[in-house]
Amino acid sequence: MNAPGTDPILLPANQPADRFYRGGSRISDFRSAPAADPFTPEDWVGSTTSVRGHAPVGQTRLPDGELLADAVCRDPLGWLGPAHVERFGADTMLLVKLLDAGQRLPIHAHPGGGFAAEHLAAAHGKAEAWYILTPGTVYLGLREPIHPVELRDLVDSQQTEHMLELMHAIDVAPNDTVYVPPGLLHAIGPGILLAEVQEPEDLSILLEWTGFELDGAADGHLGLGFELALGAVDTNGRSREHIRALVRHVDSDGPVLPAASAGYFRLDRVSRSQTLPAGFAIVIALEGSMTLTTERGAVLELAQGTTTLVPFAAGALSIDGHGAVLVARPPVVH
């Protein structure tokens, strides 16, 4: 029998309630789980991060009831490995979600690490990337530059249709990925289910709130006021080619994100026999049936919709079978 804490853990859904936008049913369908409440659009997978202002909501609890964040702090070497701990400390450097856009998400952006450290005392900014599971339209970046004063006027007057017209609308299909660097304005269109990797923070600057269950004028600026918060938003115009370079279609195994994201997180697709080195990881089973075998001898069946938390102490991972999984991991330690 393996020592406690060395085996991968199949995780149930972890969907914070009463979020400000609709969704949740596509997560239930993907997981083959009972119907979810209508305002539970996010499944926080293997999370050490809390919903901003509502700790510990959003954090993952292990089968024994302990918060994953507490377990990592208690045994960082076992969960993360010595090289990771030497570089990043007892910090997973990763947040993974399943997200179901039951309605179009509001136009928003996330601050970068420098802004977050200076103004929010946060350890990370919030770069993110999406692996698309159902088709739809996403909005990314501005087609033309905009003066910050004009942007503030659009926010104050909630001219959301005009803001959307200023952005690039990009159609996405299953097995597309989208990288969203900090500061880039974006919105996810209705009907999209996606898997998301991001820095482990809950930091959103909301430029839109009309029609959503929130008070954006009070809560959309991270407590900084919009004059300061909008300083974290990229107001430069981006060419269609620049934005299209953030989107790619995945047609083979291996890393699925552009090199620019590598300093924040890693995401690989695996659909054939492959061995991965030991390390903290989240495995999302996309389709078919795969088997995960650890160096220590644990064996898990990865049916579609399952999510699995893997500690460093499990050792190297062998993935085999007929299907496809995503493997989300922290950035490489240099």
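Nothing in this text is a laboratory measurement; each read-out follows from the coordinates by a stated rule. Everything numeric in this text was worked out from a predicted model, so none of it was measured. As a convention, Cβ positions derive from the backbone with ideal geometry for all residues, glycine included, and neighbour counts pool all protein chains shown.
Descriptive notes on the structure:
- The residue that is farthest from Met167 (Cα to Cα), counting only those in region 232-255 that are aliphatic (A, V, I, L, M) and in a helix (DSSP H, G or I), is Ala232.
- Within region 9-26, the set of residues being under 16 Å from the mean Cα position of the chain (by Cα), polar (S, T, N, Q) and farther than 17 Å from Thr308 by Cβ comprises just one member, Gln15.
- From Gly323, Gly305, residue being of a type in the set (Gly, Ala, Ser), within 22 Å of Ala13 (Cβ to Cβ), surrounded by fewer than 23 Cβ atoms within 10 Å (Cβ to Cβ) and touching a helix residue (DSSP H, G or I) at 6+ places or on another chain (Cβ under 9 Å): Gly305
- Considering residues of region 79-107 that are surrounded by fewer than 19 Cβ atoms within 10 Å (Cβ to Cβ), of a type outside the set (A, V, I, L, M, F, W, C) and outside any loop (DSSP other than H, G, I, E, B) only, the residue nearest to the chain's Cα centre (by Cα): Arg87
- Residues satisfying the stated conditions in region 31-78, i.e. out of contact with any Pro (no Cβ under 9 Å at 6 or more places or on another chain), surrounded by 16 or more Cβ atoms within 10 Å (Cβ to Cβ) and of a type in the set (S, T, N, Q): Gln59, Thr60
- Taken over region 33-46, the criterion of being under 18 Å from Ile282 (Cα atoms) and out of contact with any helix residue (DSSP H, G or I) (no Cβ under 7 Å at 6 or more places or on another chain) is satisfied by Glu42, Trp44, Val45.
- The sole residue among Ala13, Ala36, Ala69 that is without any contact (Cβ under 8 Å) to a residue 24 or more places away in the chain, hydrophobic (A, V, I, L, M, F, W, C) and part of a loop (DSSP other than H, G, I, E, B) is Ala36.
- Of all residues in region 256-301, those being surrounded by 20 or more Cβ atoms within 10 Å (Cβ to Cβ), outside any strand (DSSP E or B) and not aromatic (Phe, Trp, Tyr) number 4.
- Leu207 out of contact with any His (no Cβ under 9 Å at 6 or more places or on another chain) and crowded, with 20+ Cβ neighbours inside 10 Å: no
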